[in-house]
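Peer 1: One structure, as structure tokens, below. Some questions next.
Since every read-out is calculated from the coordinates, none of them should be taken as a lab result. Not measured: the values here are computed from a predicted model. Backbone-built Cβ (ideal geometry, glycine too); neighbour counts: all protein chains shown.
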Amino acid sequence: MSTDAIALPRTEAAERPFVDALHGWVTTVDHKRLGILYIVYAVIFLVIGGIEATIMRIQLIRPLNNFVSPQVFNRLFTLHGTTMIFFVAMPMVFGFANYLIPLMIGARDMAFPRLNAFSFWLMAFGGFLLYFSMIGANGLYGAGNAPDVGWFAYAPLTARTFSVGHSTDFWTLSLLISGFGSIGTAVNIVTTVLCMRCPGMSLGKMPLLAWLNLVMAWMVILVVSPLTAAQVMLLIDRYLGGHFFDTQAGGSAVLWMHFFWIFGHPEVYVLVIPAFAFMSEIIPVFSRKAIFGYPVMVGATIAIGFVSMSVWAHHMFTVGMGPAANTFFVLSTMAVGVPTGIKIFNWLATMWGGKILFKTPMLFAIAFLFQFLIAGLTGIMLSCAPFDWQLTASYFVVAHFHYVIVGGIIFGIFAAFYYWYPKMSGRMYNETLGRWHFWLFLIGFHLTFDFMHIPGLLGMPRRIYTYEPGRGWDTWNLIVTVGVAFQAVGTLVFVFNLVWSYFRGKLAGSDPWDAWTLEWSTTSPPPDYNFAVIPEIKSRRPLWDLKHPNDPDWKYE
Amino acid sequence: MRASYIKDSTRSGLCRIFLVVLWSAVAAASEPAAPALSPTNIFAPASTPAKSILGVSYFVLAVTGAIFVVVFTLLVYSVVKFRRRSNDDGREPPQVYGSNQVELAWTVIPVLIVVALFMATARVIVDIQKAAQPANAIEVTAIGHQFWWEYRYPALGVVTANELHVPVSDVDHPTPTFIQLLSADTDHSFWVPRLAGKTDLIPNHPNSTWIDPHETGLFLGQCAQYCGTQHALMLLRVYVQSRADFDRWIEQQRQPAAAANAVSEGQRIFETTACINCHKVAGTVANGRFGPDLTHLMSRDTIAAGAALNTPENLRLWILKPDAIKPGSLMPAMQLNDHDLDALTAYLETLR
């Protein structure tokens, strides 16, 4: 095993000038540094997207409020959605995949290190373009500057007739460019997982995190491509006289919806499957048990990957598809609930009979299970097309997908942060601050998103900058906004904990959690070459075998 | 480990509190007196499509509620029961790698649940979307504009804006209203929660919906698909009237515009400014199609698609400075002096 690293002289000595260090980060092709760049980039945008959400919630705190104008509000929700999906969730997921996959499969780097760096900088440039629109996109009089077409940018609102100026172009180019970056990273992940595994690691002995990210990366290749194609078509419409989506010249608005949602729905799974991956590593370690039903977990993930490709039009139950198409998408959408349910049961079975240790990562993991359960059940409600005719485009659906994305994906990402922080930084985070973060965020999350369902049931549509009194929405909106304050403070505690622990945290050692996968066999942080000797493994839990030579896993698998 | 346990029990306590609150909210929302909670409460249907939707919704809520109770109980039980005790011996628990029987069970049971939910759903989809249009149905064409609604009754020769009038429908002898949905510009969505689920208005893509309100009264709703700057104040008002009142309303709407003798100065201003580029007053030179038909403006309770009450002061303000009522609306500020403004308002006040 590769526990002993080769003692090389450390190249990054303390007296290195800042410019050199910066140069090192900008030109790096090391998967660990790129992973950290992705993650830091995502945290910065998380704060920006959070500020946008906070401004929107202040505007909605009472009826007929005048905190921001409708124009500003529309830009805020467009930026908030685009930022959180493309420049927070995606880079966060890619960052962890980049950092962890080579370490967990016993490789020295990703398959294509330069492509890796190129993909990151493409995505970084995409995010920069989106926000540069605030300065650069000033169009005709009254055209505004930041994009204001909504994050799914339905045609024909994006046509030049309705969206004068260049804000929509910045939006389009931003997603086009970051989309190329995503595809590059996805190709890299697929190749790495398929070709770079250490000796002994057959596909059936890979950590679940590698499996799930393999499925995620395949999905990115398949679904980001149509989105990218649609962005090119939109640019052709806007500048080359095309009529794909230009309804005034016979184009089809529904065509854009199909293009967008064939990306947009699988995208949810692109983001949540890595969160599943974190759960599948964290829950076993803190329950002190092997994952329950490994083959079924892999199978269920692949099933989700396939079925989620055929559910997109459940976002379009109200566009007049007719009973046949509606019925098909009801069935496929409900069907995707089955493999997802299997996963939840398998995690519960993993905890069952274990000795559960409630460290911060496990607290977030348990909250994930609870919240993802509810998110899945409201998803079943929405999959029932007639119910959806009432619920879609209302605050109920906003609450539902925030339950998935915040309650599921972001809680999963927080769990991953605390779990792998010792590995990435070499130091332990502060457990007390971690718990403060957990409880503040949990309370804030439930105040905001539990109560957000109710105005939706009472007929409040999404994307409205104001509403009249007397609709029965006032109290709920007040509670929702109050919850934001808790989440904001929780997030500040989180960021403070990351920074403070980096300088003042206790040294973590290689294996603070007494865990079982290969990343814990090397030093924290790992050396540039990851492993002095490429490890050889015999089971899914190589460090378990090492720690229990009398009772190794490979005898049972 | 003691501390962890204490915090953990607080957590499940909190969850229970949330549950209780959520449950009481849902229960409150489904009270029979639900319209009091909100005029747009989906739990207070007053029309067949909304009622069938609520029926299947209750079924789905019951099934998902049962699943929630089962899985949540299992989660709480395993978290509490299998926590590491303070007197833990430090040995690893028995390692279990899986069980085909158990996993098969929790695959098959969800499949059966899905089949049941699907059957119930498919039936309601077909009931609503395949409903045949009876001969006595009222036909309306609703056209979405940025940011107002145009309603045309082709068989009755009536054109109006923003306030849809339909007759009440007796459950035994239904007179439903079938609405064709068109859009003049961007996507919109027609949503009156107590009458029916939403259906989008998409340019180049005609849609339709239908309602058969079982009680008279005013039903509110609003555009539910983001359509541009003033999406928020594109409000919907449906007036459900007795058949006699509805017939009277139709008769009144078919009258030509009131002859404006005393206020002809206002009419002259109206007809010599940009007003007529967008607005129509039947029987005059004003025949614009871009904005609402004003022939019977005074028969409406509201202006600016429900954003303000139809009072002389609001009307005057709307012409002077539309952004004060509805910032971002496509109605331009008319730049008239006080005298002209008064005369114009007075003229509009005669359009009954």
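Peer 1: For segment A:262-317 and segment A:348-364, what is the separation of their Cα centres, given in Å?
Peer 2: 19 Å
Peer 1: What average count of beta carbons from other chains do you get within 10 Å of the Cβ of residues in B:71-83?
Peer 2: Mean inter-chain Cβ contacts per residue within 10 Å come to 6.
Peer 1: Separate question: Suppose the Debye formula is applied to equal point scatterers at every Cα of segment A:80-234; what is log10 I(q)/I(0) at q = 0.13, 0.19 Å⁻¹?
Peer 2: Listed by q, the Debye log ratios stand at -0.63, -1.06.
Peer 1: Ok, one more. Give A:LYS359/A:LYS506; A:LYS289/A:LYS538; A:LYS32/A:LYS555; A:LYS359/A:LYS423; A:LYS359/A:LYS538; A:LYS343/B:LYS51 a once-over and call out the pairs whose C-alpha atoms are over 26 Å from each other.
Peer 2: Details: A:LYS359/A:LYS506 16 Å; A:LYS289/A:LYS538 18 Å; A:LYS32/A:LYS555 33 Å; A:LYS359/A:LYS423 16 Å; A:LYS359/A:LYS538 29 Å; A:LYS343/B:LYS51 35 Å.
Those over the limit are A:LYS32/A:LYS555; A:LYS359/A:LYS538; A:LYS343/B:LYS51.
Peer 1: Moving on. Quantify how strongly other chains surround peptide B:232-238 by giving the mean number of their Cβ atoms within 10 Å of each of its Cβ atoms.
Peer 2: So the per-residue partner count for this stretch is 3.
Peer 1: Using only DSSP helix segments of four residues or longer, with each worth -39500 (n - 2.57), what per-residue ellipticity at 222 nm results for chain A after dividing by its residue count and rounding to 500?
Peer 2: One gets -21500 deg cm²/dmol as the mean residue ellipticity at 222 nm.
Peer 1: Something else now. Given Cβ point charges of +1 (Lys, Arg) and -1 (Asp, Glu) and nothing else, what value in debye, to the nearest 20, does the dipole of segment B:222-350 about its Cα centre take? Before the final figure, lay out the partial values.
Peer 2: Details: 11 positive and 13 negative charges, 85 e Å.
Using Cβ point charges on Lys, Arg, Asp and Glu, segment B:222-350 gives about 420 debye.
Peer 1: With both bridge residues required to lie in chain B, what share of the DSSP beta bridges run antiparallel, to the nearest 5%?
Peer 2: If we restrict to bridges inside chain B, about 70 percent are antiparallel.
Peer 1: A further question on this structure: I'd like the antiparallel share, as a percent to the nearest 5, of DSSP beta bridges with both residues in the protein assembly as shown.
Peer 2: 70 percent
Peer 1: Cα atoms only: what Rg and Dmax, in Å, come out for the protein assembly as shown?
Peer 2: Cα only, the protein assembly as shown: 29.8, 106 Å (Rg, Dmax).
Peer 1: Could you order peptides A:114-124, A:190-200, A:208-218, A:345-355 by the average number of other Cβ atoms within 10 Å of their residues, highest first? Numbers along the way, then the final one.
Peer 2: Numbers: A:114-124: 20.4, A:190-200: 17.1, A:208-218: 24.5, A:345-355: 22.8.
Peptide ranking by packing, descending: A:208-218, A:345-355, A:114-124, A:190-200.
Peer 1: Still on this structure, I have one more. Report the normalised scattering of segment B:163-217 as log10 I(q)/I(0) at q = 0.21, 0.26, 0.28 Å⁻¹, calculated by the Debye formula with identical scatterers on the alpha carbons.
Peer 2: Relative scattering, expressed as log10 I(q)/I(0), comes to -0.80, -1.04, -1.13.
Peer 1: Based on the Cα gyration tensor of chain B, what are the three equivalent ellipsoid semi-axes, each the root of five times an eigenvalue, rounded to whole Å and given largest first? Don't skip to the answer; put the middle values down first.
Peer 2: Working: eigenvalues 606, 129, 59 Å².
Value: 55, 25, 17 Å, ordered largest first.
Peer 1: Next question. Please list the three semi-axes, largest first and in whole Å, of the ellipsoid equivalent to segment B:177-258, using sqrt of 5 times the eigenvalues of its alpha carbon gyration tensor.
Peer 2: Numbers: eigenvalues 121, 53, 34 Å².
Three semi-axes, in Å: 25, 16, 13.
Peer 1: Also, quick follow-up: Quick one: grab the alpha carbon gyration tensor of segment B:231-352, order the square roots of its eigenvalues as a ≥ b ≥ c, and give me rounded if a/c is under 1.5, else prolate or oblate depending on whether a/b is larger than b/c. Mind dumping the intermediate values first?
Peer 2: Working: a/c = 1.82, a/b = 1.18, b/c = 1.55.
Oblate shape, in that a/c is at least 1.5 and b/c is the bigger or equal ratio.
Peer 1: Considering amide H positions built from the backbone, and no H for Pro or chain starts, which residues 5 or more places from B:ASN310, or on another chain, come under 5 Å of its amide H?
Peer 2: Distant-sequence amide H within range of B:ASN310: B:THR302, B:ILE303.
Peer 1: Post the alpha-carbon centroid distance, segment B:297-352 to segment A:509-546, in whole angstrom.
Peer 2: Measuring centre to centre over Cα atoms gives 74 Å.
Peer 1: Considering the dipole of the protein assembly as shown built from charges on the beta carbon (Lys and Arg +1, Asp and Glu -1) around the Cα centre, which of B:ALA333, A:LEU129, A:PHE531 is farthest to its positive end?
Peer 2: After comparing all options, I get A:PHE531.
Peer 1: Using Cα pairs closer than 8 Å and at least 6 residues apart in sequence, work out the relative contact order for segment B:264-352, in percent. List each step's numbers first, then the result.
Peer 2: Numbers: 119 pairs, mean separation 28.1, N = 89.
Relative contact order, segment B:264-352: 32 percent.
Peer 1: Further question: Could you tell me, in Å, what Rg and Dmax come out for the Cα atoms of segment A:442-525?
Peer 2: Final numbers for Rg and Dmax: 21.1, 62 Å.
Peer 1: Which order do the peptides B:87-94, A:41-48 come out in when sorted by mean C-beta neighbours inside 10 angstrom, highest first?
Peer 2: Ranking, from highest mean packing down: A:41-48, B:87-94.
Peer 1: Here is a further query. On average, how many beta carbons from a partner chain sit within 10 Å of the beta carbon of a residue in A:65-78? Intermediate values should be presented prior to the final figure.
Peer 2: Values: counts 0, 1, 0, 0, 4, 10, 4, 0, 3, 7, 0, 0, 1, 1.
Neighbouring Cβ atoms belonging to other protein chains average 2 per residue here.
Peer 1: With springs only between Cα atoms under 10 Å, which of B:HIS205, B:HIS173, B:HIS279 fluctuates most in a Gaussian network model of chain B?
Peer 2: Ranking B:HIS205, B:HIS173, B:HIS279 by mean-square fluctuation puts B:HIS173 first.
Peer 1: Counting alpha carbon pairs within less than 8 Å and at least 6 residues apart, what relative contact order, in whole percent, applies to segment B:162-303?
Peer 2: Computed over segment B:162-303, the figure is 20 percent.
Peer 1: With θ taken as phi - 60° and the coefficients 6.51, -1.76 and 1.60, list the Karplus ³J(HN,Hα) couplings across segment A:168-181 in order, rounded to whole Hz; mark glycine and proline as x.
Peer 2: 5, 5, 4, 4, 4, 5, 4, 6, 4, 6, 5, x, 4, x
Peer 1: Same structure again: Taking the Cα centre of the protein assembly as shown as origin and charging only Cβ (+1 Lys, Arg; -1 Asp, Glu), how large is the dipole, in debye to the nearest 20?
Peer 2: Charge dipole, the protein assembly as shown, about its Cα centre: 2300 debye, nearest 20.
Peer 1: Which of the aspartates and glutamates could a cross-linker span from B:LYS81 if the Cα-Cα distance has to be under 12 Å and same-chain partners fewer than 8 positions apart are dropped?
Peer 2: By straight Cα distance, B:LYS81 reaches B:ASP8.
Peer 1: Can I ask one more? Let me check the size of segment B:58-216 from its C-alpha atoms; what are the radius of gyration and Dmax in Å?
Peer 2: 26.3, 86
Peer 1: Whole number please: convex hull volume per residue of the Cα set in segment B:212-292, in Å³? Can you show the working numbers first?
Peer 2: On the way: hull volume 12.2 nm³, N = 81.
For segment B:212-292, the hull spanned by Cα atoms encloses 150 Å³ per residue.
Peer 1: Under 30 Å Cα to Cα from B:LYS280, which lysines show up? Leave out anything in the same chain fewer than 8 places away.
Peer 2: B:LYS280 reaches B:LYS198, B:LYS321, B:LYS326.
Peer 1: If you don't mind, there's one more thing I want to ask. Where does the longest stretch of chain B lie that holds no chymotrypsin sites (Phe, Trp or Tyr not before Pro) found in a DSSP loop with 15 or fewer other Cβ atoms within 10 Å?
Peer 2: My reading of the result: B:98-289 is the longest stretch.
Peer 1: So what's the Cα pair-distance distribution over segment A:244-344, bin width 5 Å, in %?
Peer 2: In order of increasing distance, the bins hold 2, 11, 18, 18, 15, 11, 9, 6, 5, 3, 1, 1, 0 percent.
Peer 1: Before anything else, pin down the relative contact order of chain A: Cα pairs under 8 Å, at least 6 apart, normalised by residue count, whole percent. Please report the intermediate quantities before stating the final value.
Peer 2: Values: 912 pairs, mean separation 98.3, N = 557.
Averaging sequence separation for qualifying contacts and normalising by length gives 18 percent for chain A.
Peer 1: With the radius of gyration and the Kirkwood radius both derived from the Cα set of segment A:112-181, what is their ratio Rg to Rh?
Peer 2: Rounded to two decimals, Rg/Rh equals 1.08.
Peer 1: Here's something else I'd like to know. Please get the size of the charge dipole for segment A:438-557, origin at its Cα centre, with Cβ charges of +1 on Lys and Arg and -1 on Asp and Glu, quoted in debye to the nearest 20.
Peer 2: Value, rounded to 20: 300 debye.
Peer 1: Oh, and also: Given B:VAL238, A:GLY444, B:SER47, which one lies farthest toward the positive end of the charge dipole of the protein assembly as shown, if we put +1 on the Cβ of every Lys and Arg and -1 on the Cβ of every Asp and Glu?
Peer 2: So the residue furthest toward the plus end is A:GLY444.
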